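The values are calculated or read from the model by the stated rules, or taken from the named source; none is laboratory data. Values in this document were obtained by computation on a predicted structure and should not be read as measured data. When we count neighbours, we look across all protein chains shown, and the Cβ atoms used for this are built from the backbone with ideal geometry, even at glycine. Each accessible area value is taken on the protein alone, full model and side chains, heavy atoms only, with ligands, DNA and RNA left out. Shrake-Rupley method; radii C 1.70, N 1.55, O 1.52, S 1.80 Å.
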Amino acid sequence: RPVPALGEDESYSLEIDAEGGRLQAPTSLGVLRGLETFGPLLRKEGSGLIVPGVRIDDQPRFPWRGLLLDGARHFMPIEVVKRTLDGMAAVKLNVLHWHLTEDQGWRIEILKYPRLTSVGSCRRETMVEKKFDPYVGDSTRYCGFYTQAEIRDVVAYARSRYVTVVPEIEMPGHSKAALAAYPELACTPGPFEVRTTWGVDEDIFCPSEETFAFLEGVLTEVIGLFPGTYIHIGGDEAPRTRWRASPLAQEVIRREGLRDEHELQSWFIRRIERFLLANGRRLIGWDEILEGGLAPEATVMSWRGTSGGIEAARQGHDVIMTPTSHLYFDYYQGEERFEPLANGGLLPLDRVYAFEPVPDSLTPEQAQHILGAQGNVWTEYLKTPAAVEYMAYPRTLALAEVAWSPREARSWQSFIARLPFALRALDKAGVAYRVPHVEGLEADRLTLTDRVTIRLQTLMPDAEIRYTTDGSDPTRASTPYRRPFALPVNAAGVRVTARAFTKDGRVSAPRAATFTRTTYREAEPEAPGRATGLRYEYYEDTVRRAAAIDRGQPVRTGVVDAIARRGDERPEQYALRLSGWLRVPGDALYEFALSSDDGSTLQIGDRIVVDNDGFHGVEERTGMIALRAGLHAITVRFFQGGGGHDLSLRYRVGAGAWAPVPAEWLVRRP
């Protein structure tokens, strides 16, 4: 079969009635899509099979329906890659984005540069869990790479399932494994070793002629292995520290008439793009390639929210939407203490399904540049195939529907009604998917009364919910949930924990929330001379926890009229402290939702009301507090380590609608 082409006609019509079934399609790919729809319609009844009468006229909304598999941080054997392709094909996903090189390992055989695999494919050990500081390693050498024969086999296997494989070769950053093999490609003399921790490394490719000769040699072999249109070159998280100090890099800036290191990266990417175009390929990069000017024909993969994708589409460039907020499948699916180790963040199934790839801010013409959407399975903390499947499913099912179905045809209630049938198919395939957790215990709750009503539900209609109120994890012997019940609460709090148990022996992760009776926090005395806005303190430092911000010295101070960034902060490794008072209009139980990328906390008085601390992508966490009308001391701490930039605060009272905290509520001393 030829290489699957993005945008190839996949439409089909399927009609089934009492006389039989008819499947019509203009292409063989359309026939396949119709058969993929027909299969799940079959139902066993007695000793035979039945199929409902239907009329379906169908075609995909987007040509790019992708899934990223990271084989660089933790090596995934060929069998796992093929199993991933099988799962993709079953739900009409058509692009496997294969992440092959990283700071922690070079995984693709390049015959011209054998040290990339003899040296770059092995790290001396791997960090244990998230033990960055103090660092703890596992003392176990870790190796693995794909031979060119294995890659050709995977590409052929994918082609037989109408899936295009897009390789990613990282540059100029995330290149420590390559520099360990060929240190002469760096701006400093080295030596270097393959990185054993996760994160962003300051050692990147130097923009020398030797580097470009090397990269063109690598890409020549990559082009020979992957016959599809696109090559992904990364372009993300490339600190310019070494370039600022490098005479060679500064000479390139001077010689080429560039303004700064941002334009130097753009020049770097443009040069690689010219090589790819000359060899019949197109370049894709993460949204950082926008900084300093976008290469003429580059396609942007928007991961730091959707703003990069919006900007690229407005410039006339194609875009794949893959924001951390909705499509990073290495994020937790439930409460962290109940889940296997993951990267951070929280991304439940319903948030994936709620994603809309085409922002409302784009014109119809600009919207045509949105090629589609992609989910990403990064493997920093996913060591096994089972761990990958647990994180990928059932979220991949939601992604597939988002990327295929028209916006107006999607329905969450319809999706969850069909979900049990889809999960049974995963059972038959032996997929180690995550059983959806019990709904109704999303966050700890405060109450001003002595009892609350507990309402629980599960997305699995044949599952039984069992719960506890003593802090223990439920077992099959715990109290079954039959209907909503009244729970007495006190100032110490009562913790409700629930799990779903299926008839075939599967069990969901626990879900828990603490319900606590509270009292009002009294308002602080009014004082003359107060003005609107909060004190803004800006720090330029590497911070890992929000509390550490207080130990630093601000670079500058000012005033802001919202819980937000000013917008003039540097790209990474900075922190903010916003402080003053919050003047609330009435006695009420207030709920606050703090969103950030990376960590943040909301403190009212001496209490941390919302704890959204730590390194993570865009994540929103909530907290409650009962406040009397008037002034209450407030401090918001936020730090950004690298990647996206997000900070916002919303509130609501009772079951009311969420709204931004009004500017007139924010008060400071002049």
- Message: Which of the numbered conditions does N343 fail, given that it passes all the others? Conditions: (1) of a type outside the set (G, A, S); (2) surrounded by fewer than 23 Cβ atoms within 10 Å (Cβ to Cβ); (3) modelled with pLDDT of 95 or more; (4) within 26 Å of G234 (Cα to Cα).
- Response: (3)
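Just for strands (runs of 3 or more DSSP E) wholly inside region 431-542: which have at least 3 residues that are more than 24 Å from W412 (Cβ to Cβ)? Steps first, answer last, please.
On the way: elements: 445-447, 451-454, 464-468, 485-488, 494-501, 511-517, 534-539.
In region 431-542, 464-468, 485-488, 494-501, 511-517, 534-539 are the strands (runs of 3 or more DSSP E) which contain 3 or more residues that are more than 24 Å from W412 (Cβ to Cβ).
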- Query: What are the residues in region 281-291 that are in a loop (DSSP other than H, G, I, E, B) and modelled with pLDDT under 95, if any?
  - Reply: E291
- Query: In the list L327, L294, which residue meets the criterion of being at pLDDT below 95 and of a type in the set (A, V, I, L, M)?
  - Reply: L294
- Message: Please determine whether any residue of region 58-77 is farther than 30 Å from D203 by Cα, free of Cβ contacts under 8 Å to residues at least 60 places away in the same chain and open to solvent by 30 Å² or more (accessible area, probe 1.4 Å).
- Response: yes
- Hey, A491 hits all of (1) under 25 Å from P340 (Cα atoms); (2) open to solvent by 70 Å² or more (accessible area, probe 1.4 Å); (3) of a type in the set (A, V, I, L, M) but one; which does it fall short on? (1)
- Query: Which residues, counting only those in region 210-245, are under 30 Å from A5 (Cβ atoms), touching an Asp or Glu at 6+ places or on another chain (Cβ under 9 Å) and open to solvent by 30 Å² or more (accessible area, probe 1.4 Å)?
  - Reply: E221
- Task: Kindly indicate whether any position in region 73-87 is under 26 Å from G285 (Cβ atoms) and among the charged types (D, E, K, R).
- Result: yes
- Query: Would you pick out the residues in region 84-109 that are among the charged types (D, E, K, R) and open to solvent by 10 Å² or more (accessible area, probe 1.4 Å)?
  - Reply: D86, K92, E109
- Message: It is to be established whether one or more residues within region 378-396 are of a type in the set (S, T, N, Q), at pLDDT 95 or above and out of contact with any Phe, Trp or Tyr (no Cβ under 8 Å at 6 or more places or on another chain).
- Response: yes
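State whether one or more residues within region 133-146 are buried (at least 21 other Cβ atoms within 10 Å of the Cβ), at pLDDT 95 or above, part of a loop (DSSP other than H, G, I, E, B) and under 26 Å from the mean Cα position of the chain (by Cα).
Filtering region 133-146 for residues buried (at least 21 other Cβ atoms within 10 Å of the Cβ) gives 145-146.
Then keep just the ones that are at pLDDT 95 or above; that gives 145-146.
If we keep only those that are part of a loop (DSSP other than H, G, I, E, B) too, we end up with 145.
Cutting the leftovers down to under 26 Å from the mean Cα position of the chain (by Cα) gives us 145.
Yes, region 133-146 contains a residue that is buried (at least 21 other Cβ atoms within 10 Å of the Cβ), at pLDDT 95 or above, part of a loop (DSSP other than H, G, I, E, B) and under 26 Å from the mean Cα position of the chain (by Cα).
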- Hey, does region 507-516 have a residue that's open to solvent by less than 70 Å² (accessible area, probe 1.4 Å), touching a residue at least 60 places away in the same chain (Cβ under 8 Å), among the β-branched types (V, I, T) and farther than 30 Å from R434 by Cβ? no
- Sort through L448, L459 and tell me the only one that's touching a residue at least 12 places away in the same chain (Cβ under 8 Å), surrounded by 15 or more Cβ atoms within 10 Å (Cβ to Cβ) and hydrophobic (A, V, I, L, M, F, W, C). L459
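From the list L258, L248, pick out the single residue that is at pLDDT 95 or above, open to solvent by 10 Å² or more (accessible area, probe 1.4 Å) and outside any helix (DSSP H, G or I).
Among L258, L248, only L258 is at pLDDT 95 or above, open to solvent by 10 Å² or more (accessible area, probe 1.4 Å) and outside any helix (DSSP H, G or I).
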- Scanning region 1-33 for residues that are assigned to a strand (DSSP E or B) and not hydrophobic (A, V, I, L, M, F, W, C), the one least open to solvent (accessible area, probe 1.4 Å) turns out to be Y12
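Of the residues V128, V81, only one is assigned to a helix (DSSP H, G or I), out of contact with any Lys or Arg (no Cβ under 7 Å at 6 or more places or on another chain) and either open to solvent by less than 50 Å² (accessible area, probe 1.4 Å) or within 30 Å of P26 (Cα to Cα) (or both); which?
Values: V128 fails: assigned to a helix (DSSP H, G or I).
Matching residue, one of V128, V81: V81.
Please find, within region 356-387, the residue that is surrounded by the fewest Cβ atoms within 10 Å (Cβ to Cβ) out of those that are more than 17 Å from the chain's Cα centre (by Cα) and among the hydroxyl-bearing types (S, T, Y). Walk me through how you get there before you give the answer.
Taking region 356-387 as the starting set, the residues that turn out to be more than 17 Å from the chain's Cα centre (by Cα) are 358-371, 383-386.
Remaining after also requiring among the hydroxyl-bearing types (S, T, Y): 361, 363, 384.
Details: S361: 12, T363: 9, T384: 14.
Restricting to residues being more than 17 Å from the chain's Cα centre (by Cα) and among the hydroxyl-bearing types (S, T, Y), the top hit is T363.
Residues of region 183-197 being surrounded by fewer than 20 Cβ atoms within 10 Å (Cβ to Cβ) and either in contact with a Gly (Cβ under 7 Å, 6 or more places away or on another chain) or not charged (D, E, K, R) (or both), which ones?
We begin by selecting, within region 183-197, every residue surrounded by fewer than 20 Cβ atoms within 10 Å (Cβ to Cβ); these are 183-184, 188-191, 193, 196-197.
Scanning region 183-197 gives P183, T188, P189, G190, P191, T196, T197.
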- Count of region 253-281 residues which are over 20 Å from G217 (Cβ atoms) and free of Cβ contacts under 8 Å to residues at least 60 places away in the same chain: 13
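The rows are residues; the columns are (1) β-branched (V, I, T); (2) closer than 25 Å to V300 by Cα.
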| residue | (1), (2) |
| --- | --- |
| L6 | no, yes |
| G30 | no, no |
| L35 | no, no |
| L41 | no, no |
| K44 | no, no |
| S47 | no, no |
| P77 | no, no |
| V80 | yes, no |
- Pick out, from region 556-670, the strands (runs of 3 or more DSSP E) lying fully within it that include 3 or more residues that are open to solvent by less than 20 Å² (accessible area, probe 1.4 Å) and without any contact (Cβ under 8 Å) to a residue 24 or more places away in the chain. 607-612
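Just checking, how many residues over region 34-53 are in contact with a strand residue (DSSP E or B) (Cβ under 9 Å, 6 or more places away or on another chain), under 19 Å from S11 (Cβ atoms) and open to solvent by less than 80 Å² (accessible area, probe 1.4 Å)?
Going residue by residue through region 34-53, those that are in contact with a strand residue (DSSP E or B) (Cβ under 9 Å, 6 or more places away or on another chain) are 34-35, 37-38, 41-44, 49-53.
Within this subset, residues satisfying the condition of being under 19 Å from S11 (Cβ atoms) are 34-35, 37-38, 41.
Subsequent filtering for residues that are open to solvent by less than 80 Å² (accessible area, probe 1.4 Å) retains 34, 37-38, 41.
Looking only at that region, the number is 4.
So for region 111-120 (the condition being at pLDDT 95 or above, under 11 Å from A180 (Cα atoms) and of a type in the set (S, T, Y)), does at least one residue qualify?
First pass over region 111-120, keeping only residues at pLDDT 95 or above: 111-120.
Subset that is under 11 Å from A180 (Cα atoms): 115-120.
The next check asks that each one be of a type in the set (S, T, Y); those that pass are 117-118.
Yes, because at least one residue in region 111-120 is at pLDDT 95 or above, under 11 Å from A180 (Cα atoms) and of a type in the set (S, T, Y).
Right, P63: over 22 Å from Y393 (Cβ atoms) and modelled with pLDDT of 95 or more or not?
Numbers: over 22 Å from Y393 (Cβ atoms): yes; modelled with pLDDT of 95 or more: yes.
Yes: the conditions hold for P63.
Using the structure shown, decide if K112 is basic (K, R), assigned to a loop (DSSP other than H, G, I, E, B) and open to solvent by 50 Å² or more (accessible area, probe 1.4 Å). Spell out how you get there, then give the answer.
Values: basic (K, R): yes; assigned to a loop (DSSP other than H, G, I, E, B): yes; open to solvent by 50 Å² or more (accessible area, probe 1.4 Å): yes.
Spelling it out, K112 is indeed basic (K, R), assigned to a loop (DSSP other than H, G, I, E, B) and open to solvent by 50 Å² or more (accessible area, probe 1.4 Å).
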